[in-house]
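Read the figures in this text as sums done on the coordinates, not as results from a lab. Computed from a prediction, not measured in an experiment: that's the story for all the values here. Positions of Cβ are generated from backbone atoms using ideal geometry, with glycine treated the same way; all protein chains shown enter the neighbour counts.
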Amino acid sequence: MKIAVIGAGLAGLTCAGQLSAHGHSVTVYEKSHSAAGRMSTRETELGGFDHGAQYFTARQPAFQRQVAAWRKSGLVDLWKARFVTLEAGVTTVAGRSSQRFVAVPGMNALGRHLAKELDVRTGQRVTRIESYHGGWLLRVSAETVAIEASAGPFDAVIVALPADQAVALLEAVPTMASQAGRARMAPCWSLLLGFEQELKLGFDGAWVKNSRLAWIAHDASKPQRRPGEHWVGHASGEWSAEHLEDDPERVKEKLLRAFHSATASDVQPVYAAVHRWRFAQAVEPLPSTCLWDPQLRIGACGDWFAAGLDGAGRIENAYLSAAALAESFAA
Ligand SMILES: Cc1cc2nc3c(=O)[nH]c(=O)nc-3n(C[C@H](O)[C@H](O)[C@H](O)COP(=O)(O)OP(=O)(O)OC[C@H]3O[C@@H](n4cnc5c(N)ncnc54)[C@H](O)[C@@H]3O)c2cc1C
């Protein structure tokens, strides 16, 4: 079958990879200039900063097997970090928990690797899905072309986007759009900081209490990163939602102040930037693995499905949801 997958994050790439392996002809449409989605790394003069997903855990056997295979291929590694909770410079060692993995040499490396095996059309934003003689046509816009193009027809379409973006594209299937509309995603402002001198904070990752920042991490402590004093901070969901439309320069100032007071350090960075994630993590997921209509041959997957785990908004959910959709397709 001829299948279109919309979105080249981990969910879209996983689903596309599994459908291709079953002999289908799959084309992936991605609005950004490269694959990986929220498993993202921003390249700067100091090196890369993982400003989206920080790490991932593997709880379900199917994902554990996949992570083991990625590790064997040298695509991911363990992040053996010192984790603490932090409040106004005071740290408490975090309890033991599951292993945490990262892609190497940056979080985006996994998506880029998976995309190499597939037909991924980057810089192509899908604006509409239209029913066409029992199949589907896509309206696609590209920055380089003034008018929208039509792609297809396809026998099936997979929507692998954050829930809010999926709702907009699923308008041709109102029942599915309304189901997707029940998932809720929270935003996140990310802070990227580079320092010339060592901060000597004594930890690599910290959950921050009573602060605008909910998390800070020493990015260069992850395996195969360029050495340096590179830190990433994530503002809390509540603070990010309240300040979503603020001027990025003001957000940067406020989050830098929060970083200084959380770490009780006043060292000034030589590099500072912020990034706004409008749809960062699913806070209210759907209690299922994916959406799939076998008659219309249209479906949706992503991290906004609980996918059998408690909680969502994680890389593991995105993977499990995509694998479940590929399986439903084959059934
Ligand atoms: C700040 C932040 C911190 C996080 N921390 C963690 C963490 O520590 N651990 C963890 O497990 N998870 C974390 N996550 C969540 C994790 O990144 C996601 O669960 C996972 O990457 C989702 O993958 P996905 O494929 O479902 O969606 P995405 O990665 O969002 O992929 C969707 C893709 O679709 C593209 N797209 C959107 N609209 C269109 C369109 N109209 N046409 C074409 N393409 C389109 C997007 O550009 C994107 O590439 C974090 C996320 C953020 C933002």
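Shown for the chain are the DSSP H helices of 15 Å or more along their axis, judged by Cα atoms, with a mean Kyte-Doolittle hydropathy of at least 0.0: 10-21, 315-330.
For the pair the range 200-219 and the range 67-100, the centres of their Cα atoms are 13 angstrom apart.
With a cut-off of 14 Å between beta carbons, the residues surrounding H133 carry a summed charge of 0, where Lys and Arg count +1 and Asp and Glu -1.
Only the Cβ atoms of Lys and Arg (+1) and of Asp and Glu (-1) were treated as charged; on that basis the dipole of the range 46-155 about its Cα centre amounts to roughly 580 debye. Per Stokes-Einstein, at 37 °C and 0.692 mPa s, what whole-number D in µm² s⁻¹ belongs to the range 98-231, with the Kirkwood radius over Cα pairs as the hydrodynamic radius? In µm²/s, the coefficient is 172.
Taking a straight line from the alpha carbon of K222, these lysines sit under 22 Å away, with near neighbours fewer than eight places off in the same chain left out: K72, K80, K200.
In a reduced charge model with +1 at each Lys and Arg Cβ and -1 at each Asp and Glu Cβ, the range 87-208 shows a dipole moment near 240 debye about its Cα centre.
Determine the shape class of the chain: with a ≥ b ≥ c the square roots of the Cα gyration tensor eigenvalues, call it rounded for a/c under 1.5, and otherwise prolate if a/b is greater than b/c, oblate otherwise. Don't jump to the answer; show the numbers that get you there.
Values: a/c = 1.94, a/b = 1.73, b/c = 1.12.
Prolate is the answer for the chain, as a/c is 1.5 or above and a/b outweighs b/c.
Local charge for Q268 was computed over the other residues whose Cβ lies under 13 Å away, with Lys and Arg +1 and Asp and Glu -1, and equals -2.
What ranking, highest mean first, results for peptides 86-93, 165-172, 9-16, 250-257 when packing means the other Cβ atoms within 10 Å averaged over each residue?
Numbers: 86-93: 14.2, 165-172: 19.4, 9-16: 29.1, 250-257: 17.6.
Top to bottom by mean Cβ count within 10 Å: 9-16, 165-172, 250-257, 86-93.
Taking other C-beta atoms within 10 Å as the exposure proxy, F83, F101, F56 rank F83, F101, F56 from fewest upward.
From the square roots a ≥ b ≥ c of the eigenvalues of the alpha-carbon gyration tensor of the range 42-106, which class results: rounded (a/c under 1.5), prolate (a/b over b/c), or oblate? It comes out oblate by the Cα gyration axes.
For the ranges 46-53, 20-27, what's the packing order if you count other beta-carbon atoms within 10 Å of each residue, average per peptide, and put the highest first? Numbers along the way, then the final one.
On the way: 46-53: 22.9, 20-27: 14.9.
Result, highest mean Cβ count within 10 Å first: 46-53, 20-27.
Placing +1 on the Cβ of every Lys and Arg and -1 on the Cβ of every Asp and Glu, with nothing else charged, gives the chain a dipole about its Cα centre of roughly 720 debye. Positive contributions from Lys and Arg (+1) and negative ones from Asp and Glu (-1), summed over other residues with Cβ under 9 Å from the Cβ of S20, come out at -2.
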